[in-house]
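Okay, so here's the structure we're looking at.
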Amino acid sequence: DAGVIQSPRHEVTEMGQEVTLRCKPISGHNSLFWYRQTMMRGLELLIYFNNNVPIDDSGMPEDRFSAKMPNASFSTLKIQPSEPRDSAVYFCASSQGGTGPGYTFGSGTRLTVV
Amino acid sequence: AQSVTQPDIHITVSEGASLELRCNYSYGATPYLFWYVQSPGQGLQLLLKYFSGDTLVQGIKGFEAEFKRSQSSFNLRKPSVHWSDAAEYFCAASNDYKLSFGAGTTVTVRA
């Protein structure tokens with residue numbers, strides 16, 4: 001099993017540009033999560049999908065952020081337009097059946113907005 | 001409000017010495033409890049989890065954790081630390097789909 005795969009690993013972009021982060025969950029997992037990690041705020045849940053449907057997006061900071069899960073094997077997190085304060089490590093995680101089994105995290109995307 | 005607290009920001013331990021990382025939670029009912037480890041530049045790896053039953057939980061890499069309801073704690077321990085255990089450790093809790101993480105404890109291992 002290849003685990004949760006995220007791309008790119010690093011992204012440097014200029015303020016105002018669109019950024020798209022990608023995630024491939026583990027096959028068979030029906031829950032997908034996007035988290036953001038910063039020094040100031042730690043790990044924050046941005047959005048949770050269950051069976052490809054967004055269940056909780058209350059953690060999405062503002063309208064500049066959007067996430068999609070068009071099928072069970074792919075999800076994107078988009079920031080448009082990006083701002084320097086969006087600089088963080090973004091993690092995707094998946095699980096089978098919510099929290100119970102524990103999440104499997106991807107290696108993260110380190111985003112730097114200059 | 002639901003929260004997870006890791007009182008120690010940074011711990012330094014000698015290789016071969018024992019390690020204990022503290023975690024306290026504040027939830028209405030006993031949540032699911034987890035410990036994750038994050039090595040530099042890596043994602044979070046699940047070390048162990050507690051749902052119910054035996055209060056001493058064994059995990060990977062020689063780690064164990066003890067759940068104490070009376071103290072609302074879920075402390076992580078390892079009898080003998082290896083240099084490769086240097087990392088950041090996160091305690092987490094959940095009573096639904098959402099994991100709430102503590103702020104993390106950075107462990108430094110000295111030779």
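Each value in this text was obtained by applying a stated rule to the coordinates, not by laboratory testing. This structure is a prediction, so every number in the text was calculated from the model and none was measured. So basically every Cβ, Gly included, is an ideal-geometry build from the backbone, and we count neighbours across all protein chains shown.
Which entries in the list A:24/B:49; A:78/B:78; A:78/B:61 go over 29 Å, if you measure between the two C-alpha atoms of each?
Among A:24/B:49; A:78/B:78; A:78/B:61, the Cα-Cα distance tops 29 Å for A:78/B:78; A:78/B:61.
For every other residue with a beta carbon closer than 13 angstrom to the beta carbon of residue B:15, add +1 if it is Lys or Arg and -1 if Asp or Glu, then tell me the sum. Before the final figure, lay out the partial values.
Numbers: positive: B:78, B:110; negative: B:85.
Here the charged neighbours net out to +1.
Can you tell me which aspartates and glutamates have their Cα less than 13 Å from the Cα of residue B:98? Leave out same-chain residues fewer than eight positions away.
A:44, A:56, A:57
Would you mind pulling out the separation of the Cα centroids of region A:39-114 and region B:60-80, in Å?
Taking the Cα centre of region B:60-80 as reference, the centre of region A:39-114 is 29 Å away.
If I take every Cα pair under 8 Å that is 6 or more residues apart in chain B, average their sequence separation and divide by the length, what percent do I get for the relative contact order?
37 percent
Determine ³J(HN,Hα), in whole Hz, for all residues of region B:36-42 in sequence, where each value follows from phi through the Karplus function 6.51 cos²θ - 1.76 cosθ + 1.60 and θ = phi - 60°; x replaces Gly and Pro.
Residue by residue, region B:36-42 yields 10, 10, 10, 7, x, x, 10 Hz.
Work out the mean other chain Cβ neighbour count within 10 Å for the residues of A:37-45 and drop it here as an integer.
4
Quick one: net charge around residue A:45, please, counting Lys, Arg +1 and Asp, Glu -1 for every other residue with C-beta under 14 Å from its C-beta.
For residues surrounding residue A:45, the net value is -1.
So what are the ³J(HN,Hα) numbers for region B:14-20, from phi and the Karplus equation (6.51, -1.76, 1.60; θ = phi - 60°), rounded to whole Hz, Gly and Pro as x?
Using θ = phi - 60°, the values come out as 7, 4, x, 7, 7, 9, 9 Hz.
Using a cut-off of under 16 Å, list every residue of region A:1-27 whose amide N is near the label point 7 Å from the Cα of residue A:62 along the Cα-to-beta-carbon line.
A:15-19
Please give the net charge around residue A:59, taking every other residue with its beta carbon less than 10 angstrom from that of residue A:59, where Lys and Arg add +1 and Asp and Glu add -1.
-1
Starting from the Cα of residue A:40, step 7 Å along the direction of its Cβ; do the same at residue A:20; then give the gap between the two resulting points in nm.
2.9 nm
Out of residues 5 or more away from residue B:97 or on other chains, whose amide H comes under 5 Å of its own, with H placed 1.01 Å from N in the peptide plane?
none
Residue B:64 to residue A:27: FRET efficiency via 1/(1 + (r/R0)^6), r the Cβ-Cβ distance, R0 22 Å, to the nearest 0.05?
Calculated value: 0.10.
Roughly how many debye, to the nearest 20, is the charge dipole of chain B about its Cα centre, given +1 on each Lys and Arg Cβ, -1 on each Asp and Glu Cβ, and no other charges? Numbers along the way, then the final one.
Working: 9 positive and 9 negative charges, 21 e Å.
Here chain B has a charge dipole of around 100 debye.
Mind checking the mean number of beta-carbon atoms from other chains within 10 Å of the Cβ atoms in A:103-110?
That works out to 4 on average.
Run the dipole for region A:1-88 about the Cα centre, Lys and Arg Cβ at +1, Asp and Glu Cβ at -1, nothing else charged, and hand back the magnitude in debye, nearest 20.
About 220 debye.
May I ask you to evaluate 6.51 cos²θ - 1.76 cosθ + 1.60, the Karplus curve with θ = phi - 60°, for each residue of region B:23-32 and list the ³J(HN,Hα) values in order in whole Hz, giving x for glycine and proline?
Working through the residues one at a time gives 8, 10, 10, 10, 9, x, 10, 4, x, 5 Hz.
Does anything in region B:1-25 have its amide N under 15 Å from the 7 Å Cα→Cβ label point of residue B:108, and if so which residues?
B:9-15
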